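Chemist: Take this structure first; my questions come after.
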Amino acid sequence: MCSEGANSCYICGVDKMQEMIDEVIEQDIPIQDKFRVYEVKVLSSYAVREFNEAIETVFSFRKQLGLPTFKNKKHISKLTILKEVMKTNRSLGNKTAEEISSLPLLTDNRIMMGQRMLELVISAAYSVR
């Protein structure tokens, strides 16, 4: 209920939102149950232009899910980026677009939540870049 309340406050612009977010995050419940409030926290960080806070929130959430997470570094060399692109290309091998699109659908909620957080962090990473 607090997650939805925090979302409502975000939409309406009410100051109580951060208090509700903190209340949910402090609860002793599984991290998956806190997904929606973390999503709202990232969006609210965007609203006040706290992009580093948004990035830290995303990375913290993914780490709590047990998913691989980069460290938030201010500068990453182009060589490092190129190396990661090459690793991705090697992982894909010689698969065609049709082969990739015919892979089974993702059903693991934990990974879906982690991917959604990565979607959210793109804008923040671009903004701080």
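Chemist: Restricting the search to the stretch 65-80, which residues are open to solvent by 70 Å² or more (accessible area, probe 1.4 Å), more than 14 Å from residue 125 (Cα to Cα) and either of a type outside the set (Lys, Arg) or touching a residue at least 12 places away in the same chain (Cβ under 8 Å) (or both)?
Modeler: From the stretch 65-80, those open to solvent by 70 Å² or more (accessible area, probe 1.4 Å) are 68, 70-71, 73-76, 78-79; that's our starting set.
Within this subset, residues satisfying the condition of being more than 14 Å from residue 125 (Cα to Cα) are 68, 78-79.
Residues satisfying the conditions are 68, 79.
Chemist: Regarding residue 62, is this residue open to solvent by 70 Å² or more (accessible area, probe 1.4 Å), modelled with pLDDT of 90 or more and assigned to a helix (DSSP H, G or I)? Explain how you work it out, then say what you get.
Modeler: Details: open to solvent by 70 Å² or more (accessible area, probe 1.4 Å): no; modelled with pLDDT of 90 or more: yes; assigned to a helix (DSSP H, G or I): yes.
It is false that residue 62 is open to solvent by 70 Å² or more (accessible area, probe 1.4 Å), modelled with pLDDT of 90 or more and assigned to a helix (DSSP H, G or I).
Chemist: Something else now. Scan 123, 127, 91 and give me the residue that is part of a helix (DSSP H, G or I), open to solvent by 50 Å² or more (accessible area, probe 1.4 Å), without any contact (Cβ under 8 Å) to a residue 24 or more places away in the chain and not charged (D, E, K, R).
Modeler: Working: 123 fails: without any contact (Cβ under 8 Å) to a residue 24 or more places away in the chain; 127 fails: without any contact (Cβ under 8 Å) to a residue 24 or more places away in the chain.
On inspection, the qualifying residue turns out to be 91.
Chemist: Pull out all pairs, ordered by first then second residue, where Cβ-Cβ is under 6 Å, the residues are six or more apart or on different chains, the first lies in the stretch 27-41 and is open to solvent by 40 Å² or more (accessible area, probe 1.4 Å), and the second is modelled with pLDDT under 90 and among the basic types (Lys, Arg).
Modeler: Nothing qualifies.
Chemist: Within the stretch 67-86, identify whether any single residue is touching a Gly at 6+ places or on another chain (Cβ under 9 Å) and among the hydroxyl-bearing types (Ser, Thr, Tyr), and answer yes or no.
Modeler: So far as the stretch 67-86 goes, yes, one or more of its residues are touching a Gly at 6+ places or on another chain (Cβ under 9 Å) and among the hydroxyl-bearing types (Ser, Thr, Tyr).
The values are calculated or read from the model by the stated rules, or taken from the named source; none is laboratory data. Please read these numbers as outputs of a predicted model, since none were measured by experiment. Glycine also receives a Cβ, built like all others from the backbone with ideal geometry; neighbour counts cover every protein chain displayed. We work out accessible area using only protein heavy atoms, side chains counted, and drop any ligands, DNA or RNA first. Shrake-Rupley method; radii C 1.70, N 1.55, O 1.52, S 1.80 Å.
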